[in-house]
Amino acid sequence: MDITQVYEIFRETYYRRYYDVYPKIVPADSESVVKIVPLYAHCKFEADLEYVVKIIPMDSYHAQKGGEQYYTRVIKPSNGMLEVRHCFAGEQEHVLLISVRLNEEEKEIGAFSVYSLKEDLFRRRPYKGDLHIHSNLSDGKESPEYVAAACRRIGLDFMAVTDHRAYQPSIRAREAFKDVDIDLKIFPGEEIHLPDVEVHIVNFGGSFSISQLVQENEDKYRAEVEAIANSIEDVPAGVNKFEYAACVWGFEKIRESGGLGIFCHPYWVVGRRYNISPVFTEYMLEKHPFDAFELLGIGGLQVDSNMLQVAHYNEQRAKGNKIAIVGCSDAHGCERDVAFGWIYTIVFSEGLELDDIKESIKNYYSVAVEKLPDCPARVFGPLRLVKYALFLLREIFPKHDELCYEEGDLMLRYIRGEKDAAQRLKMVKGQTYELMDHYWAK
């Protein structure tokens, strides 16, 4: 069986809806038992027939010089299912190619996949989130609580409303659901625009408003920024020392508040120019006073801008400069069929609390995802995480997103006052966690 033939089989994936395959995520270099369970009568396994399972490791298929490396098991169904016991080597995707023996010939049934992970990634779960989005309390279209519910409806696990110079809308989004138990994590946030500074900054998760600090005492802000500027000895030509110092001040304040400071969309084209000069962007990326770089943003509307941010990020990585990244929609409306849900972050985290998410992003366990209409998803970040994320987007997140849609729809029903919505939200609580537990090896 040639690897290209496996890809041909992958192109027709309808048959995967007929089976439940679990676990899909297994520890690397340990023995696991993967179960393939037919869900319908037309695809059941016959107890008296033999089934051939070829296990093809996608990374190490050519590892043995002069030969193809795959493993074959011949098994019979047990309790109506196939149980494949195997030590899945290394961190990679493994294809389980299933055939049935009929009259001394083998008839292919389908190809199924599992992913083996090293311990540090195996203990983390993938969560989808948007760390930069707007409501009608700045220049968005819908109320903060509507935005939160809409985020859950498209499959997000966490989010924050980050309105311009406004922290309170994010609190309103949280308060709207304080009396119901939901799985979506709604965090506080704001988009910060410091005086005399072009750079846009997001305060994700902070316990107080940085914008309000400036509004209440701008003289103090300017004095503190000047002190930082005076401590900076040299900056390249084209970098305004006060503006850079203001960014340092802003990110320090965000960290004081317990938040994550995000450097946003430097290549956004506004007024027929980039929002920030490439020289200033270069200096920011080299010094990285921020916690995370918005690698993809602007709702995906300016594709060229995002490409430039990716290129600049890749240049920095080539120099050995590790930069934590996120992808954010920066959407200004949830029902416009523009931008909303086109860009997001996948965080690989041990939990879904704020500290878990911050730790994971700052330690480079995140990728930025772009999913433009009628286009395949594109994932950006470290190769290891990109490969794994692509598997998740194909194998696990579609089912996850179906469950999220149900909760998000009920959240919308709740905020418009439907009487049974709270009880129904209680009934769907925990569905996505149960799904992940089902797909992860114990």
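Name the pairs: first residue in region 109-125 and within 12 Å of Tyr365 (Cβ to Cβ), second residue basic (Lys, Arg), Cβ to Cβ under 8 Å, at least 6 apart or on different chains?
Close Cβ pairs satisfying both conditions: Leu121/Arg384.
So for region 101-124 (the condition being over 31 Å from the mean Cα position of the chain (by Cα), modelled with pLDDT under 95, surrounded by fewer than 23 Cβ atoms within 10 Å (Cβ to Cβ) and not in a strand (DSSP E or B)), does at least one residue qualify?
Among the residues of region 101-124, at least one is over 31 Å from the mean Cα position of the chain (by Cα), modelled with pLDDT under 95, surrounded by fewer than 23 Cβ atoms within 10 Å (Cβ to Cβ) and not in a strand (DSSP E or B), which makes the answer yes.
How about region 307-327: which of its residues are surrounded by 24 or more Cβ atoms within 10 Å (Cβ to Cβ) and farther than 16 Å from Tyr365 by Cα?
Across region 307-327, the qualifying residue is only Gln309.
Scan region 295-314 and report the pairs whose first residue is free of Cβ contacts under 8 Å to residues at least 60 places away in the same chain and whose second residue is of a type in the set (Asp, Glu) and surrounded by 19 or more Cβ atoms within 10 Å (Cβ to Cβ), with Cβ atoms within less than 8 Å and a gap of 6+ or a chain change.
Ile298/Asp330; Gly299/Asp330; Gln309/Glu294
Taking into account only those residues within region 247-284 that are more than 24 Å from Ile133 (Cβ to Cβ) and hydrophobic (A, V, I, L, M, F, W, C), which is surrounded by the fewest Cβ atoms within 10 Å (Cβ to Cβ)?
Result: Val279.
Filtering region 363-395 down to residues that are out of contact with any strand residue (DSSP E or B) (no Cβ under 7 Å at 6 or more places or on another chain) and charged (D, E, K, R), which residue is nearest to Arg317 (Cα to Cα)?
Among those that are out of contact with any strand residue (DSSP E or B) (no Cβ under 7 Å at 6 or more places or on another chain) and charged (D, E, K, R), it is Arg384.
Name the strands (runs of 3 or more DSSP E) wholly inside region 317-402 in which the number of residues that are polar (S, T, N, Q) is 2 or more.
343-349
Exactly one condition in (1) surrounded by fewer than 21 Cβ atoms within 10 Å (Cβ to Cβ); (2) over 27 Å from Leu412 (Cα atoms) is not met by Val338; state its number.
Failing condition for Val338: (2).
Considering only region 254-284, state which residues are closer than 12 Å to Glu198 by Cα, in a strand (DSSP E or B) and under 22 Å from the mean Cα position of the chain (by Cα).
Passing the criteria: only Phe263.
For Tyr433, work out the one condition from (1) farther than 24 Å from Phe112 by Cβ; (2) among the hydroxyl-bearing types (Ser, Thr, Tyr); (3) in a helix (DSSP H, G or I) it doesn't fulfil.
Failing condition for Tyr433: (1).
Report yes if Ser138 is assigned by TED's automatic domain parsing to the domain that holds Pro278, without any contact (Cβ under 8 Å) to a residue 60 or more places away in the chain and either crowded, with 24+ Cβ neighbours inside 10 Å or not hydroxyl-bearing (Ser, Thr, Tyr) (or both), otherwise no.
It is false that Ser138 is assigned by TED's automatic domain parsing to the domain that holds Pro278, without any contact (Cβ under 8 Å) to a residue 60 or more places away in the chain and either crowded, with 24+ Cβ neighbours inside 10 Å or not hydroxyl-bearing (Ser, Thr, Tyr) (or both).
Restricting to region 15-31, name every residue that is at pLDDT below 95 and more than 25 Å from the chain's Cα centre (by Cα).
Initial filter on region 15-31 (at pLDDT below 95): 15-18.
Of everything in region 15-31, those that are at pLDDT below 95 and more than 25 Å from the chain's Cα centre (by Cα) turn out to be Tyr15, Tyr18.
The values are calculated or read from the model by the stated rules, or taken from the named source; none is laboratory data. These figures come from a predicted structure and were not determined experimentally. Using ideal geometry, Cβ is built from the backbone for each residue, glycine included, and neighbour counts are taken over all protein chains shown.
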